[in-house]
Amino acid sequence: MKQIFKAITILLLLSTTLYSAQTGSASIFTFFNGVALENNEVLIDNKYKQYTDEDGSVEIILEVGKHQIEIFSKDENGANLGYAKKTIEIKDSRDTQVIVTFNEDSSVPHVEVDVPLGESDTKTDNTKYVGTINGKVVTSDTKKAIRNARIFVKGTSIDAKTDDKGEFSISIPADRNMSISIVHSEYSASTLNNILVQRDSTIETLIELTPGSMELEEFIGLAQKVREVLRGVLLKRRE
């Protein structure tokens, strides 16, 4: 009977510890040449494994503190595209955003980590005041509205989506430069830096995203031109 009571006590203590632990989240996005990478492995603290969805993203709930993430990037055929490792910080009830971009012309991926500001990080009263951004996201080629593009604001927990008209409206901290990232699985990601909105004011912006297929076609076209040049050089040498 004592052993049963002891076991129950231990379980209660463990469950209390788990529920009392402060947690936040990490949103991780992976791209290759601006195109979202689906089903890429994300390893957390060398223990927990997750895979990105069709938007190249995965959201993970973690305890507050520092954690190590590793991304093993592969294309749809399973060919290795690259590897990235980064230590990130998780804050209570906030989302840390990580954007990892692999490029054809670079062996080193670009990793951008956005750690949100906590209450203790606020040094001025300016964060109490906000301004508004009304935006529209369209394709760079046909200017067609892009639905369900995700909008992130660096240093905040803002995570919005465009509507059927490609439009969005968000409130951001006023009177300071902010960075806004726009992400969609079928288009190249885009980041707008030094966006400044004054207190209680509104600005309008139009954002163009390049279709991923266009970038692929440009790359293939370039590769074909390179092959043609090399073929010409070889023929001249044979002559």
Members of the range 159-197 found to be among the hydrophobic types (A, V, I, L, M, F, W, C) and either under 18 Å from Ser27 (Cα atoms) or under 20 Å from the mean Cα position of the chain (by Cα) (or both), listed by number: Ala160, Phe168, Ile170, Ile172, Met178, Ile180, Ile182, Val183, Ala189, Leu192, Ile195
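Can you name the residue in the range 12-35 that is modelled with pLDDT of 50 or more and of a type in the set (A, V, I, L, M, F, W, C) and, of all such residues, is surrounded by the fewest Cβ atoms within 10 Å (Cβ to Cβ)?
Going through the qualifying residues, I end up with Ala21.
Take residues that are at pLDDT 80 or above and among the aliphatic types (A, V, I, L, M) and tell me which of the strands (runs of 3 or more DSSP E) falling wholly in the range 36-124 contain 3 or more. Walk me through how you get there before you give the answer.
Details: elements: 41-44, 48-51, 57-63, 65-74, 80-90, 95-103, 106-114.
In the range 36-124, 41-44, 57-63, 80-90, 95-103 are the strands (runs of 3 or more DSSP E) which contain 3 or more residues that are at pLDDT 80 or above and among the aliphatic types (A, V, I, L, M).
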Residue list for the range 173-211, filter: of a type outside the set (Val, Ile, Thr), in a loop (DSSP other than H, G, I, E, B) and under 19 Å from Lys128 (Cβ atoms): Ala174, Asp175, Arg176, Asn177, Leu196, Gln198, Arg199, Asp200, Ser201
Subset tally (residues that are over 18 Å from Asp200 (Cα atoms) and either in contact with a Leu (Cβ under 7 Å, 6 or more places away or on another chain) or outside any loop (DSSP other than H, G, I, E, B) (or both)) for the range 154-172: 5
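The values are calculated or read from the model by the stated rules, or taken from the named source; none is laboratory data. In this text, all values refer to a predicted model and were calculated from it rather than measured experimentally. Heads up, the Cβs are rebuilt from the backbone with ideal geometry, glycines too, and the neighbour counts pull from every protein chain shown.
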